[in-house]
Amino acid sequence: MAEGVDANSRRAEGDDLDAPGVERLLALSDGVVAIALTLLVLQLVVPPIEGVSSADARSASYLWHQLAGDGVDQFIAYVVSFYVIAQFWLTHHRVFRTIRGHAEGLAWWNFTFLFTITLMPFTSELLGRFGANPVSIDLFAANLLLASLATQGVRIYARNHHLEQAGVDDRDRRAGFFRACWLALVVIATGTLAWFQPRLAMYGWLLILPGHRIADLLTDRFPGPRASSDAPA
């Protein structure tokens, strides 16, 4: 009987035995992200060779002209999408590195995150093919914003349900908040600009790339409240 009590006391608060463990959630997430990254490259279309004269097929200028057309938009959409998914994967692992328990609600928030990641190959290809269309830009923007909100939702759920480890680095938490704010700012700005200057709005996605560095600078600039010196050990 005592052993059963001790076993129950060792369980993290909020654990749900019917929910998948953190390790399984991470394994599933890694697999889904890997597939999404692989699918992204399928949007890069090789110029067709059918109907092309042998002289054009050997011409460097002809091939460059084909690649420099719609291929530029597709490549930019691919680079931005690959980078964004990689950043979401890193953030996802930083969040789960601090989680010590599991619950069904946490699993559903993680599925919400994976839903947004699996949509990204579609919205990225849409952006690559219709780079001058404001609707495609806004759909890609909405996809990024939902992914960021889902990531923050995982973090907030874990914190509110006491699933985080003790002594979580507050700096990492604030840096994650600033990264989400920077992404939201870029999303809103480019989504609005898309209806006036769609081409400029699409290239505005490149502003996402320095987001990690900007978040670190803001975290150092605004360190947040210090812990009280007379706080209990």
Query raised in the report: For the stretch 136-152, how many residues are among the hydrophobic types (A, V, I, L, M, F, W, C), touching a Phe, Trp or Tyr at 6+ places or on another chain (Cβ under 6 Å) and crowded, with 22+ Cβ neighbours inside 10 Å?
Result: 1
Requested in this report: Looking only at the stretch 39-50, decide whether some residue is modelled with pLDDT of 85 or more and under 16 Å from the mean Cα position of the chain (by Cα).
Outcome: yes
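Mind counting the residues in the stretch 68-80 that are at pLDDT 75 or above and under 10 Å from Leu44 (Cβ atoms)? Before you say what the answer is, go through the steps one by one.
Our first condition is that a residue be at pLDDT 75 or above; within the stretch 68-80, this holds for 72-80.
Retained after the next criterion (residues that are under 10 Å from Leu44 (Cβ atoms)): 74-75, 77-78.
Final tally of qualifying residues: 4.
Does Leu106 satisfy the condition of being in contact with a Gly (Cβ under 9 Å, 6 or more places away or on another chain), more than 22 Å from Gly211 (Cβ to Cβ), modelled with pLDDT of 90 or more and part of a helix (DSSP H, G or I)?
Values: in contact with a Gly (Cβ under 9 Å, 6 or more places away or on another chain): yes; more than 22 Å from Gly211 (Cβ to Cβ): yes; modelled with pLDDT of 90 or more: yes; part of a helix (DSSP H, G or I): yes.
The answer is yes for Leu106.
For residues that are surrounded by fewer than 19 Cβ atoms within 10 Å (Cβ to Cβ) and in a helix (DSSP H, G or I), tally how many sit in the stretch 187-197.
To start, the set of residues in the stretch 187-197 that are surrounded by fewer than 19 Cβ atoms within 10 Å (Cβ to Cβ) comprises 188-189, 192-193, 195-197.
Remaining after also requiring in a helix (DSSP H, G or I): 188-189, 192-193.
Residues in the stretch 187-197 being surrounded by fewer than 19 Cβ atoms within 10 Å (Cβ to Cβ) and in a helix (DSSP H, G or I): 4 in total.
The values are calculated or read from the model by the stated rules, or taken from the named source; none is laboratory data. As the structure is a prediction and not an experimental result, all values here were calculated from the model. We place every Cβ from the backbone using ideal geometry, glycine too, and count neighbours over all the protein chains shown.
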